[in-house]
Structures are given as C-alpha cells and as structure tokens.
1. Tell me the carbon and sulfur percent of the accessible area for the chain, rounded to whole percent, probe radius 1.4 Å.
2. Any chance you could look up the accessible area of residue 222 with a 1.4 Å probe, heavy atoms only, rounded to 10 Å²?
3. Find out how many positive minus negative residues lie around residue 199, taking Lys and Arg as positive, Asp and Glu as negative, among other residues whose Cβ is under 11 Å from that of residue 199.
4. Over segment 145-278, what is the relative contact order in percent, taking alpha-carbon pairs closer than 8 angstrom and at least six residues apart?
5. Mind putting a number on the dipole of the chain about its Cα centre? Charges go on the C-beta only, +1 for Lys and Arg and -1 for Asp and Glu, and I need it in Debye to the nearest 20.
6. Any idea of the accessible area per residue across the chain, 1.4 Å probe, to the nearest Å²?
Amino acid sequence: MPTHPSHPTPQGPLPAPAPHQHRRLAESFGADAARYDRSRPRYPRALVDRVLAASPGRDVLDVGTGTGIAARQFEAAGCRVLGVEADARMAAWARRRGLAVEVARFEDWDPAGRSFDAVVSGQTWHWVDPDAGAARAARALRPGGRLAVFWNAGRPPAPLVESFAEVYRRLLPDSLAARQWTASDTEAYAALSAKAADGMRAAGAFREPEQWRFAWERHYTRDEWLDQLPTTGGHTLLPAALLEQVLDGVGAAVDAAGGGFTMRYTTVAVTAALSARP
C-alpha cells in the first residue's frame, strides 16, 4: 500500500531526500511479490474509465507496473498495456500472468519509436524523478495523449488510528510508520501531487495539470490487513522479529475493534494532456 510522501506506507510520506532517491526502499517491494499482488488494494473503475475517456485511444504504458495490478485493470477495460518496471522480480511476476513488461528505470527507458495514448502510474510515481519522468512520458505519448499518476490514500476509523499509533509509538518511535498516522489521508499525498504537477509543467509539453479524486471503501478482516502491512514502505525493511511484534500489536488492535474495519480510501490522481511534443 510498489500497499509507499515517501513509498507511502499504508498511508503516509517519507522524509527527505526525495522518494525517488530512496533506492534501497524502492527496490524492497519485490521481496514478496505474491503477497504484494494479492494484498494491495486495486483502483476504482471510475478512475480507469475517466483516464480512457480523456485519452485518444487504448494503447497504455504503465510506469512502475509492479506485479501488474493497475495494468490488469486497464487490460480488462480493453487496453493494450506495456509495463515498465525497475524490479526484475516484480516484472517476472507480472509476465507470468501474461503482461508484457520491460525492465528499466523509467528515466532510462527507451521507447524505441513506440508511442502511447496514455501513460499511467499507480502508487509508484514518487519513485520516479518527477521532472525527468514527465519529460520521458511526453516523448512516449501521441498527440493529445494523457499522463495520469495516482495513489490510494486510506484512513481507518479514528479510534483504530489511535490504537495503531500507540503500537508504533511503543515499538517504532520516531519512525515513518509511527508518523504516518498523524496526517490525514489526502494531506499525506499533497506533496507528492504537487511535485507531480510541477514536473508536468516543467516538461513544457503538457496542458495545465488537473487533480481528480475518487472516494471508495474497502472492508478488511484482521488477517487481510496483516497480510498487506508487510508490503508497505514502513515495514519492508524491518527485522523479522520486530515486524512480528508490530503485526501482533496491530492484530490485537483490530481484534479489539471487532476483528475487522472499513478503510475509507480516496484515490488521488494528477493528470495532464499532451499539448506539444518536447
């Protein structure tokens, strides 16, 4: 919840340096690609439909495709999707499920004369240099094509937020994972959204960026939440024994709340249409 300003952890940002410079964290998500794929939240169909309605066609480039979560949703909507993924383990997982994926950092990726109607990036654009990434996307887009980058920002019910925060204060004081519960879900992504929009403007090839938001909910059982938690940025590099303590504490908090909870998600998208080739 690459379930990561910041990779956001379930719901919050990383400190300086910029997220795309955190290479060790950025490359940690492929350690358990199967868990990542099954547990990370998907994206609302309304987002997919709006991106496609605002694009000239259905050839899609998925940046930071990971295990192919967003790519499969665009394929299900009738798109031809090519993924670009820096982590060979994630790319291999996606390929085994029938997706076409090329292994490269997007800033270094060569479109080799190919062009696309939309360039999308779900939950991963903060791992891309926002200026270089927007410029690369502009070169890969057809006239009128669209760049759309998006994140799932989520928040559990307020009493559970405080219970989770207490676990992290006790076990991981002053950590990213502890700090994530102090900001609202959408505030946590404001800096990422602003950087993405600034990168689109700096490319000199896009119309003025827009921000779209889509509200939705997902219910988690205790086991579903604990399955996802180790895939998030505040947890992927924790020692196994410490991670186990965190999972025990969080699990106890969910049990005390009735064994499950409903997460309120807002999918935040920053998007712009190509106005001219750079």
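1. 51 percent
2. 70 Å²
3. Local charge sum for residue 199: 0.
4. 49 percent
5. 700 debye
6. 39 Å²
The values are calculated or read from the model by the stated rules, or taken from the named source; none is laboratory data. Keep in mind that what you see is a predicted model, and the values were worked out from it rather than measured. Cβ: placed from backbone, ideal geometry, glycine included. Neighbour counts: every protein chain shown. All accessible areas refer to the heavy atoms of the entire protein, side chains included, with ligands and DNA or RNA removed. Shrake-Rupley method; radii C 1.70, N 1.55, O 1.52, S 1.80 Å.
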